[in-house]
Amino acid sequence: MAILNSIISVCYYLISAFVVFVLAKSIIKTKNVQDAILYSVMLMPFILRILRIK
Amino acid sequence: MRKVVFSAVLVLLCSVVLASGLLMPVVKAPMIVTTLGQSPGALMFRLVCVRSKIACVQEDLLTATQLKELAQAPDGPKTLVITTGTSLKGMGAAGIDINLEVERIENLIKQAKELGMTVIGAHIEGMARRVDATDEKSITTVIPKSDLILVIASSDEDGYFTKFSETSGIPLLKVNESLDIGPALLELINAN
Amino acid sequence: MTDRNLLIVKLVSLALVAVALVIAGIQFHDHRNYQEEVVKGPGVTQVKKLSDYFEPLKGSINDCNIYIIDSGVPGGTAFLIGSSHPEEPAGNLTAQLFVENAKLAKGRLIVAIRANQSASRVSRPGDAYPLYYTIETPWGEKKFRMGDRWSSPLDSWPDPEVYVNYPSGQLLAYMDVRNFNRTWPGRANGMITEQTNYAFMNVIKEEGVDIFIDLHEAELEYPVISTIVAHQKGADIAGMASMLLTSTEFRIGMEYSPKSLHGLSHREVGDHSDAVSILLEAPEPFLDRVRGITDEKLLLTGQDEFVVMAGKYGLLYEKIDEKGWPIDVRVGRHCSTVLMIFELWGDFNPGKEVVIQQVPRYDEVVQNGTGYYFRDPSKAKTEDIYYE
Amino acid sequence: MYFHAGLILAVIAVTFAVAKYFKLSVELSMLLAAIAAGIVHAGGAIPVRHLVEGSFTYLDVCLIFITATFFMNLLKESGGVAFMVRKIVITFHKTRLLCLFFLTVLLLIPGALTGSGAATVLTVGTLVGTVLSYMGISEKRVAAIIFICAAMSAAAPPVNLWAMMAAAGSNMPYVGFFQPLLVLSAIGAFFAMFFLGAKGKNVELEKALKELPEPPEKMNWLRVGIPFAVLIFLIMAGRIWPFSTPTIGLPLMFVLASVSAILLSPKKLQILRIATETIHSLIPLVGIMIVVGILIQVMALSGARGLISLGVVTLPLWVLFSTLFLILPVSEGLLQYAVAPLLGVPLILLFNMKGMNAIIALSAMAVMWPIGDILPPTAVVGRATVMELKFKGHYYKDFLKTALIPMGFVLLVATLFLIFSNELSFLVGG
């Protein structure tokens, strides 16, 4: 069970990493300046979680 | 521990048993104590009785039928004590149903009166059990139907029970601390 | 906006976010890894690890120290834990005060200072808690981590969509799978918080604990405050302690542990072991929802205008004035209550006494301050220093 | 303290207004307001740690939104949604009321299981919306129905996040809420559906079938049903065998259901593209949640949150009863789920103190909150609704205005539940 729970936890880090990937791509692609700023801010929790800092 | 007991005794000796000028009812042991609202007041009452060697049984969920059976036994209780103030640990599903409690106690008082028992309405846990609407309901159900009101000083900070005793004519026994209850009751029992 | 300007904005916003992440990240990292020093007191005879009682916790963040203070004289065994909820600092401060000072004349005392290490190493998003608080001591300031009510998601992720307490089956809010005082009696194959409770139950069973005390604090809006919550097995002791303390030191109430509220130590430890289980609540205005500025000052002084105003409207279950509820008062209350309960335990159970010496009572803690009772790590031998 | 907290609230309001005046988006205006309030509170410094920490407040809820939408988008791309719509239209086009009844039940399920109204909109909203529009219901009425039913689904048991959070905060077991929540949310959802959708023409079957997209030939009930079955199985497994099932969490449940949808799809799906588009489409929703978290943290830090909370609980009881129908939805619009610990806990402690039935009172409040998900600045479910339905009308004049009567009805019923909580205590159970 512990191993299963660990695997599940890893899946959540992968989901978060994917969100970061899409956000980063969106920042590069967007032509809207406000969106670019918002996307940057949205990166914060996902990055710190992936790095296992918070 | 000795220090604590010593200071407790000291407080006890210094405490003043306040009794109103009204005629005190007959208080006899053994006693049976229950609670409207399932607060630990009944437990505390039993503990102080044990310390003063007054026979007392604690039945938190005592019903009228049970009381009748117990009272008819040779050493059956002669005095019914009902502590007021409710327990709120775990609201909702884990809590108590105040309406059921009120119903149980109303039946109990009726039964006690039929059996000729003295009913003591007590509030012995201080203002902390006089905060909310359920506390109030518990008090207003029991106190007006009691033969004697027993309170500690910190339950009567605002003079609520003193005033009620004066207007209703129900005698009031007021002691400083819960630990003073035993000696005060002994005095009443011995007076009979 | 031209492409060039857009690119500049993008780069600047990313750079600002990066700077913010570095600044905050360092603080989060330092907080999670900050080690509190504990100087082994004269009475401590052995320091074990929680994983000694449940192997899978070895090397995990929740493998805390288990301090054993043994008099060598036969008697009872008591167990005291702090930091079930690390946002309630009087708990761990009191536990540490016992470890650094207590000597036993009879019986054994076991202490865990930081029962849920994971929760003590994370702060709560949305609630703006300070990361640390400092206690003044005669030899300088001593710094402690301020934690959360729930274990860190870094150690327990994800949460279920609803938490089902084991073995009662009672439903609780999803995040309570990380709430150390909702996951008793624990589960060997559960999430880390449940495993930690399971390990603590093993300590209780293997060490033959007779009486267990869990130290807490509560907001003044909450009905269960300034009180001793007792399993029915400990009701007489708790009732008597309440009356004796109220008549000699300070007002403290008593509550029964509700039989249908599961997952809490005062219920499950009593139900699932031979130990009597008791939980203490001290008043902590910092936890009130109506509190004003959230900072270390409020945490330590318990002074808050908004909470006082709520009191004036009759919305509180404990009194409060401009003096607040200082940490020394809260720690002092815990010290005296614990000592009183142990004394009564001995009175009610002859031959199983736990006689504690050199732990200050309420008046002394209030007069000297909590910090007065902490030992200076710089003057201690290295082998006597432990880390929480 | 009063001055300081009041000043912070003023700074938030002014900064937000100025930012909006300069045509900044709601999210950025709110972020600026939070930063400005933080700086004023800290006396000129930027409380960086608090700003970053606040962004974590709704991280898990954001992941639910993302994965639930991904799941539904996969079903859409595979033709499963079109298949279901056609089947429902064919089966029920003659019996309007029965059709409306089943559609309401369908709408209640996703939110009831996840506690999120957005999950309902994102998973079955478009599907039901399409069917409703073929039943001759106007675009704005369809949007209003979807929103109210989504809000009621979030309120519906077993998972009502507001009740759970407030119960957790006041140490109540989350027990006994099933029946009162079910009664309240069902009344609300069915009222909205039948009030707004009862009248309309019968579906012109042939025309509808002609206009509806054709699902791939191999699509059948098994292919579209199994992914839902997987999802329901995973959720139920956690309840039926809680101690032998690993902790999967809703987001991964949606991902696992998505995997089954991919495997069963009759046509090859471009998974990466769909996933990317999903997250991209949800950015406004996730963005607002993250920014609201930051704002809440700054408000808690500065005492502004406490001042609001104090203001509400010190109102006289009769004022509270007569204004909660406004206070709760408006605060939900402002703060999202954070209202449950912020206002819910002190209110439930207050109601308990006044001798009311805590379970009924909290259930009533927990049904009033989601109604606020249509209100600005966050308007999470409202935005999701117009986004998913590709609503072309005006947000306030058309969508919100049409929803007002059912909203008012739900709020009125819930207020009555609150006032008569003791009389209704027989409803407690489950």
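The values are calculated or read from the model by the stated rules, or taken from the named source; none is laboratory data. Remember, it's a predicted structure, so these values are computed and weren't measured experimentally. We place every Cβ from the backbone using ideal geometry, glycine too, and count neighbours over all the protein chains shown.
Some observations on this one:
- D:Leu411 vs. criteria touching a Pro at 6+ places or on another chain (Cβ under 8 Å), farther than 16 Å from D:Ala118 by Cα and more than 14 Å from chain B (Cβ to nearest Cβ): yes
- From the options C:Asn189, C:Asn202, C:Asn181, residue that is within 14 Å of chain B (Cβ to nearest Cβ) and either more than 20 Å from C:Ser260 (Cα to Cα) or modelled with pLDDT of 95 or more (or both): C:Asn181
- Positions within segment B:141-163 being part of a helix (DSSP H, G or I) and more than 14 Å from chain D (Cβ to nearest Cβ), in sequence order: B:Val142, B:Ile143, B:Pro144, B:Lys145, B:Ala153, B:Ser154, B:Ser155, B:Asp156, B:Tyr160, B:Phe161, B:Thr162, B:Lys163
- All helices (runs of 4 or more DSSP H) inside segment D:177-240 with 2 or more residues being among the charged types (D, E, K, R): D:205-211, D:221-240
- For segment C:55-77, residues that are touching a Phe, Trp or Tyr at 6+ places or on another chain (Cβ under 6 Å) and over 21 Å from C:Val122 (Cβ atoms) total 0.
- Check on D:Pro341, farther than 16 Å from D:Val410 by Cβ, part of a loop (DSSP other than H, G, I, E, B), touching a helix residue (DSSP H, G or I) at 6+ places or on another chain (Cβ under 9 Å) and more than 14 Å from chain B (Cβ to nearest Cβ): no
- Checking each residue in segment C:317-342 for being among the hydroxyl-bearing types (Ser, Thr, Tyr) and in a loop (DSSP other than H, G, I, E, B) picks out only C:Tyr317.
- Filtered residues of segment C:1-53 (kept if part of a helix (DSSP H, G or I), touching an Asp or Glu at 6+ places or on another chain (Cβ under 9 Å) and of a type in the set (A, V, I, L, M)): C:Ala24, C:Leu50
- Lone qualifier among D:Leu59, D:Leu31, D:Leu51, D:Leu63 - being under 30 Å from C:Tyr174 (Cα atoms) and touching a Lys or Arg at 6+ places or on another chain (Cβ under 8 Å): D:Leu59
- No other residue among D:Ile374, D:Ile327, D:Ile296, D:Ile360 is within 14 Å of chain B (Cβ to nearest Cβ), of a type in the set (Val, Ile, Thr) and farther than 15 Å from D:Gly169 by Cα apart from D:Ile360.
- Qualifying residue in segment B:35-57 (condition: within 12 Å of B:Ala112 (Cα to Cα) and more than 9 Å from chain C (Cβ to nearest Cβ)): no
- Only one of the numbered conditions (1) modelled with pLDDT of 95 or more; (2) facing chain C (nearest Cβ under 9 Å) is violated by A:Thr30, and that is (1).
- Remark: C:Asp30 matches the filter, which requires a residue to be within 14 Å of chain D (Cβ to nearest Cβ) and either at pLDDT 95 or above or under 22 Å from C:Gly371 (Cβ atoms) (or both).
- Residue, nearest to the other protein chains (Cβ to nearest Cβ), within segment B:117-140, restricted to residues that are modelled with pLDDT of 95 or more and within 13 Å of the chain's Cα centre (by Cα): B:Ile124
The rows are residues; the columns are (1) touching a strand residue (DSSP E or B) at 6+ places or on another chain (Cβ under 6 Å); (2) buried (at least 17 other Cβ atoms within 10 Å of the Cβ); (3) more than 14 Å from every other protein chain (Cβ to nearest Cβ); (4) closer than 30 Å to D:Leu269 by Cα.
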{"site": "D:Cys149", "(1), (2), (3), (4)": "no, yes, yes, no"}
{"site": "D:Val159", "(1), (2), (3), (4)": "no, yes, no, no"}
{"site": "D:Ala163", "(1), (2), (3), (4)": "no, yes, no, no"}
{"site": "D:Phe178", "(1), (2), (3), (4)": "no, yes, no, no"}
{"site": "D:Ala198", "(1), (2), (3), (4)": "no, no, yes, no"}
{"site": "D:Pro215", "(1), (2), (3), (4)": "no, yes, yes, yes"}
{"site": "D:Asn220", "(1), (2), (3), (4)": "no, no, yes, yes"}
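- Residues satisfying the stated conditions in segment D:27-40, i.e. modelled with pLDDT of 90 or more, surrounded by 24 or more Cβ atoms within 10 Å (Cβ to Cβ) and facing another protein chain (nearest Cβ under 8 Å): D:Leu31
- Complete set of residues in segment C:158-167 that are more than 7 Å from chain D (Cβ to nearest Cβ) and either in contact with a strand residue (DSSP E or B) (Cβ under 7 Å, 6 or more places away or on another chain) or at pLDDT below 95 (or both): C:Tyr163, C:Asn165
- Residue list for segment C:168-178, restricted to those being facing chain D (nearest Cβ under 10 Å), out of contact with any Gly (no Cβ under 8 Å at 6 or more places or on another chain) and not aliphatic (A, V, I, L, M): C:Gly169, C:Tyr174
- Just one of the listed residues (C:Val354, C:Val359, C:Val365) is crowded, with 18+ Cβ neighbours inside 10 Å, among the aliphatic types (A, V, I, L, M) and under 17 Å from C:Lys142 (Cβ atoms), and it is C:Val365.
- C:Glu194 more than 7 Å from every other protein chain (Cβ to nearest Cβ), over 28 Å from D:Val313 (Cβ atoms) and surrounded by fewer than 23 Cβ atoms within 10 Å (Cβ to Cβ): no
- Residues (more than 15 Å from C:Arg251 (Cβ to Cβ) and either among the aliphatic types (A, V, I, L, M) or more than 12 Å from every other protein chain (Cβ to nearest Cβ) (or both)) located in segment C:312-322: C:Leu315
- From B:Leu108, B:Leu100, B:Leu62, B:Leu70, residue being within 14 Å of another protein chain (Cβ to nearest Cβ) and either assigned to a helix (DSSP H, G or I) or under 20 Å from C:Lys259 (Cβ atoms) (or both): B:Leu100
- The condition of being away from chain D (no Cβ under 14 Å), closer than 30 Å to C:Glu364 by Cβ, among the acidic types (Asp, Glu) and surrounded by fewer than 21 Cβ atoms within 10 Å (Cβ to Cβ) holds for only one of C:Asp70, C:Asp52, that being C:Asp70.
- Residues considered: D:Leu342, D:Leu389. Of these, the only one that is surrounded by 21 or more Cβ atoms within 10 Å (Cβ to Cβ), touching a residue at least 24 places away in the same chain (Cβ under 8 Å), out of contact with any Leu (no Cβ under 8 Å at 6 or more places or on another chain) and not assigned by TED's automatic domain parsing to the domain that holds D:Ala34 is D:Leu389.
- All positions within segment A:16-52 that are touching a Lys or Arg at 6+ places or on another chain (Cβ under 6 Å) and farther than 21 Å from D:Ser25 by Cβ: A:Ser16, A:Leu48
- With respect to (1) in a loop (DSSP other than H, G, I, E, B); (2) under 24 Å from C:Arg124 (Cβ atoms), the lone exception for C:Leu298 is condition (1).
- Screening D:Val230 with (1) away from every other protein chain (no Cβ under 13 Å); (2) in contact (Cβ under 8 Å) with a residue 60 or more places away in the chain gives one miss only, at (2).
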